[in-house]
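Student: First, the structure itself, so that you have it in front of you.
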Amino acid sequence: LYPVGTTTIRWNVTDVNGNPASEIIQTVVVTDEELPNAICKAATVSLDASGNASITTADIDNGSNDACSIKSLDLDKYNFNCADVGDQTVTLTVTDNNNNENTCQATVTVQDVTPPVAICQDI
């Protein structure tokens, strides 16, 4: 098994009579061209009293993986406000240690569950 990158192998061969051959050098280059497996899940988030909400990659990632390990997870949208109430499509970008990227999309349902505050004035 060879790691990703360049590995140099030096071959020294001797025949049955003990005669050595000149050293042969072989270079093995292994590249990672396999995209990571991006796996998303839906999420629901509720606006706070100020009308804002946020999510993290952990809220959307559903076990994304790669044989050469994941370097980073990123979302195209982290923050929501009153204008976003309802279903929003969010894209998760998964990057592996060799900079291969793959994406998946998830539905984030933004809810406004904070009741309004009624303020009355005396007449």
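Student: List the cysteines of the chain that have no other Cys Cβ closer than 4.7 Å: which are they?
Tutor: By the Cβ distance rule, which asks for a partner under 4.7 Å, the isolated cysteines are CYS68, CYS82, CYS120.
Student: Step through the residues of region 78-83 one at a time and calculate ³J(HN,Hα) from phi using the Karplus curve (6.51 cos²θ - 1.76 cosθ + 1.60, θ = phi - 60°), rounding each to whole Hz and writing x for Gly and Pro.
Tutor: Per-residue couplings from phi come out as 10, 10, 9, 9, 4, 5 Hz.
Student: Add -39500 (n - 2.57) for each DSSP H run of 4 or more in the chain, then divide by its residues: what number comes out at 222 nm, to the nearest 500 deg cm²/dmol?
Tutor: Here the helix-only value at 222 nm equals -500 deg cm²/dmol.
Student: What nm value, rounded to one decimal, do you get for the distance between ALA118 and ILE39 when each label is placed 7 Å out toward the C-beta?
Tutor: With each label placed 7 Å out from Cα toward Cβ, I get 4.9 nm.
Student: While we're looking at this one, here's another question. Read phi for every residue in region 17-22 and hand back ³J(HN,Hα) as whole Hz from Karplus 6.51 cos²θ - 1.76 cosθ + 1.60, θ = phi - 60°, with x for Gly and Pro.
Tutor: 9, x, 8, x, 9, 5
Student: Using mean Cβ contacts within 10 Å as the protection proxy, how do 83-95, 25-37 order, highest first?
Tutor: 83-95, 25-37
Student: Ok, one more. Gain in length, ILE9 to GLU23, computed as 0.36 nm per residue apart minus the alpha-carbon separation, to one decimal in nm?
Tutor: Result for the pair: 4.0 nm of gain on full extension.
Student: With each label point set 7 Å from Cα along the Cα-Cβ vector, what nm distance links TYR78 and GLN105?
Tutor: 2.3
Student: Averaging sequence separations of C-alpha pairs under 8 Å and six or more residues apart, then dividing by the length of the chain, give the relative contact order as a whole percent.
Tutor: Reported relative contact order: 25 percent.
Student: Residues of the chain: accessible area per residue at 1.4 Å, in Å²?
Tutor: 69
The values are calculated or read from the model by the stated rules, or taken from the named source; none is laboratory data. This one's a predicted model, so the numbers in the text were calculated from it and none came from an experiment. For neighbour counting, all protein chains shown are included, and Cβ atoms are generated from backbone atoms with ideal geometry for every residue, glycine included. Side chains included, ligands, DNA and RNA excluded: accessible areas come from the protein's heavy atoms. Shrake-Rupley method; radii C 1.70, N 1.55, O 1.52, S 1.80 Å.
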